[in-house]
Amino acid sequence: MDKIKVGMIGLGTVGTGVLKTLAAFKQIEIVKIAVKNLNKKRDINLSKSVLTDNPYEVVDNPDIQIVIEVVGGVEPAFDLIQTAIKNGKHIVTANKELLAKHGEELFSFAEKHNKVILYEAAIAGGIPIIMPIKTILTGNKITKIAAILNGTTNYILTKMDVDGASYQNVLREAQELGYAETDPTGDVEGFDAAYKIATLSTIAFNKRINIKNIYREGITKIQAEDMKYASEFGFKIKLIALAQLDENDNADVRVHPMLVKKTKSLAHIDYVTNAIMLDGHPMGEIMFSGAGAGEFPTASSVVGDVLAIATELKTTDYPLPMMRCHHGEAAKMIDISQTYNRYYLSINVKNNVGVIASLGKSFAENEISVSSLLQKGLMSDNTANIIVITESCNEQNLQNAIKMLKNDNCINKINSLIRVME
Ligand SMILES: NC(=O)c1ccc[n+]([C@@H]2O[C@H](COP(=O)([O-])OP(=O)(O)OC[C@H]3O[C@@H](n4cnc5c(N)ncnc54)[C@H](OP(=O)(O)O)[C@@H]3O)[C@@H](O)[C@H]2O)c1
């Protein structure tokens, strides 16, 4: 049997899982693996001659047909993938950051060289979502994605909800357990989810969504009280990656925390689990959920991509036509200020006469209707928290109302502003 020759760049969490999983597939031969540190102790038996600390020994190797890139980051991954394609190799990658920042260039480059780049693992790790959208769902017009795409932030928000704990305390615990990195910025500020929704919405809408046009807000300002108040109103708080098309196909794509009604399935996606809800015609609403990261779930997606290419290599000169990038035009984006949302506001007010009138005035002047309002008793500093949930209103109007409230003598502070999922 002619074996398909594979090279890999990176042998960390994902690379190790891939290697262990591929061992069961005798049609695949791993020819070379590039790592950074040749002396690192590894959780796998390997012949020394397979390893190299020069990744160009992988991408320049004439025997290798498929290169698996599981290094992460933009450079050197970007140059390595381009070199591999130029040298006639197909690519499997888990690199969401690279795809979000340079996907368009990479896919055009691959197409020019009649090569494919598969990236199932880059979006929601072990959940199959790219392949379904590119194949069995192509008969649909997908108009909405609402997803939980980052396990670290979902873990933190779930623990805050269950334990009534503060963001800082839960983050520390998540770091100790290895669920959050020492520098958690990429996760907690929503960058990771933004990279993923950029690529996911591009393929779902068949329109290019530029990462620079995605509004992004992380979870660092969510307070334990917000969890409690939201729950009293029947909601949970989740970091949601949202992408939707309006009736003119303009795209509204953003990542920010949202109150999600407890009756919705997404509200019950807890801890490190990820989920993706797609809405479209004719399928209606469907949801995918599972492990969004981890050695073996992510390896499942990488290995699936490798085997898909390996099977095609034996039969055709034009592998996987449905998985290729059929460049859509750039999407016309809707700015966050022009979107319509419901809002949860936690407002700290002074114990003054006329507080409710002040709130009413700034809302009325900005055409905002209140759906629910709750005052939480007087605190020792003679202030109280008022929780408001609005009806759907324009974001710019809401921001104008907030500006008015900040200048109002009765208002001490706007504690929180969180959008509410419809
Ligand atoms: N971890 C997950 O659960 C997960 C899930 C989905 C997607 N991903 C994506 O998968 C990719 C890999 O993630 P990971 O968690 O496996 O990362 P990781 O554990 O940090 O592993 C990175 C690997 O790349 C190697 N490396 C770094 N720089 C290199 C260079 N210049 N040349 C050759 N090798 C180099 C490292 O070598 P040493 O071992 O010698 O340090 C290490 O083996 C990333 O794009 C990530 O976003 C990860």
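No lab work stands behind these numbers, since they all come straight from the coordinates. The structure presented is a predicted model; accordingly, all values stated were derived computationally and were not measured. Ideal geometry is used to build each Cβ from the backbone, glycine not excepted, and the neighbour counts take in all protein chains shown.
Among Gln244, Gln223, Gln338, whose mean-square fluctuation peaks in a Gaussian network model of the chain (Cα, cutoff 10 Å)?
Maximum among the listed residues: Gln338.
Residue by residue through segment 340-357, which ³J(HN,Hα) values in whole Hz follow from phi under the Karplus form 6.51 cos²θ - 1.76 cosθ + 1.60 (θ = phi - 60°), with glycine and proline marked x?
In residue order, the calculated couplings are 10, 8, 8, 10, 9, 10, 10, 10, 8, 10, 7, 7, 10, 5, x, 4, 5, 5 Hz.
Once the Cα atoms of helix 295-313 and of the chain are each reduced to a long axis, what angle between those two axes, in degrees from 0 to 90 to the nearest 10, is obtained?
50
Would you please calculate the Kirkwood hydrodynamic radius of segment 339-420 over all C-alpha pairs and express it in Å, rounded to one decimal?
12.6
For the chain, build the charge dipole from Cβ charges (+1 Lys, Arg; -1 Asp, Glu) around the Cα centre, then report which of Phe233, Val370, Ala357 sits farthest towards its positive end.
Positive-end residue among those listed: Phe233.
If you place +1 on the Cβ of every Lys and Arg and -1 on the Cβ of every Asp and Glu, how big does the dipole about the Cα centre of the chain come out, in debye to the nearest 20?
The calculation lands at about 280 debye.
Across segment 20-36, in residue order, what do the Karplus-derived ³J(HN,Hα) couplings come to in whole Hz, using 6.51 cos²θ - 1.76 cosθ + 1.60 with θ = phi - 60° and x for Gly and Pro?
Karplus values, whole Hz, x for Gly and Pro: 4, 6, 5, 4, 7, 10, 5, 6, 10, 10, 7, 8, 8, 10, 9, 10, 8.
For n ≥ 4 DSSP H runs only, could you compute -39500 (n - 2.57) per run for the chain, divide by its residues and tell me the 222 nm figure to the nearest 500?
It comes out at -10000 deg cm²/dmol, rounded to the nearest 500.
Hey, which of these cross-link pairs are over 30 Å Cα-Cα: Lys141/Lys261; Lys41/Lys212; Lys141/Lys238?
Pairs exceeding the cut-off: Lys41/Lys212.
Between helix 395-406 and the chain, what is the angle of the helix's C-alpha long axis to the longest principal axis, kept within 0 to 90° and rounded to the nearest 10?
50
Among DSSP bridges having both ends in the chain, what percentage is antiparallel? Round to the nearest 5.
Of those bridges, close to 70 percent are antiparallel.
Using alpha carbon coordinates only, what is the Rg to Rh ratio of the chain, with Rh defined as the Kirkwood radius?
In the chain, Rg relative to Rh is 1.04.
How tilted is helix 167-176 with respect to the longest principal axis of the chain? Cα atoms for both, answer in degrees (0 to 90, nearest 10).
Roughly 20 degrees between the two axes.
Can you list residues from other chains, or at least 5 along the same chain, whose modelled amide H is less than 5 Å from the amide H of Gly292?
Residues meeting the amide H criterion: Gly126, Asn274.
Please list, in chain and number order, the residues 5+ apart from Lys413 or on another chain whose amide H is under 5 Å from its amide H, with Hs placed from the backbone.
Asn348
Putting +1 on Lys and Arg Cβ atoms and -1 on Asp and Glu Cβ atoms, find which of Ile336, Ile309, Asn382 reaches farthest to the positive end of the dipole of segment 308-409.
Asn382
Among Glu329, Glu29, which comes first, then next, by fewest other beta-carbon atoms within 10 Å?
Going from sparsest to densest Cβ surroundings: Glu329, Glu29.
Return the subset of Lys26/Lys86; Lys361/Lys413; Lys196/Lys406; Lys115/Lys207; Lys159/Lys376; Lys20/Lys134 for which the Cα-Cα distance in this structure is over 25 Å, preserving the input order.
Where the Cα-Cα span goes over 25 Å, the pairs concerned are Lys26/Lys86; Lys196/Lys406; Lys20/Lys134.
Could you give me the ³J(HN,Hα) list for segment 7-18, computed from phi with Karplus coefficients 6.51, -1.76, 1.60 and θ = phi - 60°, whole Hz, x at Gly and Pro?
x, 10, 10, x, 9, x, 4, 6, x, 5, x, 5
In percent, what relative contact order does segment 339-420 have, based on Cα pairs under 8 Å that are 6 or more apart in sequence?
Result for segment 339-420 is 50 percent.
Distance between the C-alpha centers of segment 42-104 and segment 111-171? Whole Å please.
Going from one Cα centre to the other spans 23 Å.
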